[in-house]
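Engineer: So that we are looking at the same thing, I have put the structure below in structure tokens.
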Amino acid sequence: MPELKVLLSRETIAKRVAEMGAEIDRDFRGQAIIFVGVLKGAAIFLSDLARNVSLNATFDFIGVSSYGNRPIARDDPAGHAAWDSLGEVRLTKDLDQSLAGRNVILVEDILDTGLTLNYISKLLRAHQPKSLHIAALLDKPSRRKLPIEAHYIGFTIPDEYVVGYGLDYAELYRNLPDVCIVQNP
Ligand code: IMP
């Protein structure tokens, strides 16, 4: 059984998500927006973020699979290299609507290597939205492989594998209210 250590408490997350919502409110005052959530990790963040925004807002979701239930043994160089080299993103659920001419906020749980958001933002740009902004709850800049940045970032975290608040380890722990570090998987 992996040991979990709280990195970001539910109170800390709630406070920051409220600030992010207020920022989006200010930036898009008087305009409508559409939140596009990346399944499944961003579902909880999107629902909290959206409730902190008072603009006219609609939702859509996109599904991608990257490396499946990948190994997370960071002290295993072979495992880590195998995971890193995959670098492959596949669409598993497309959008339900066109984003043409709309203000899109792409909502993601975590920005890690940047491969996923790079793939999705290219896909969304092809719709020719009026604007495209990325909101990521977590950012691990030390792991970045592509020069992609989020406009709204909840927390910058160190290179640790985290779960909770939507983030999983082998599909588990998404329902933890806090973001926790997995200590010995
Ligand atoms: P990227 O494509 O490397 O930026 O990875 C983004 C995706 O990898 C996220 O949407 C997560 O699903 C997953 N991911 C990256 N780091 C973590 C982590 O620490 N915990 C859980 N999932 C992660």
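Taken together, the values in this text are just the output of simple stated rules run on the coordinates, not laboratory data. This structure is a prediction, so every number in the text was calculated from the model and none was measured. Quick reminder, even Gly has a Cβ in these numbers, built from the backbone with ideal geometry, and neighbours come from all protein chains shown.
Engineer: Which ordering of Arg174, Arg125 is given by a fewest-first count of other beta-carbon atoms within 10 Å? The partial results should precede the final answer.
Structural biologist: Details: Arg174 17, Arg125 12.
By the 10 Å Cβ count, ascending: Arg125, Arg174.
Engineer: How big is the antiparallel share of DSSP beta bridges in the chain, given as a percent to the nearest 5?
Structural biologist: Details: 11 of 35 bridges.
The antiparallel fraction comes to roughly 30 percent.
Engineer: Still on this structure, please answer the following. In whole Hz, with x marking every Gly and Pro, tabulate ³J(HN,Hα) for segment 112-125 from phi via Karplus 6.51 cos²θ - 1.76 cosθ + 1.60, θ = phi - 60°.
Structural biologist: 10, 6, x, 4, 5, 5, 5, 4, 5, 5, 4, 4, 6, 4
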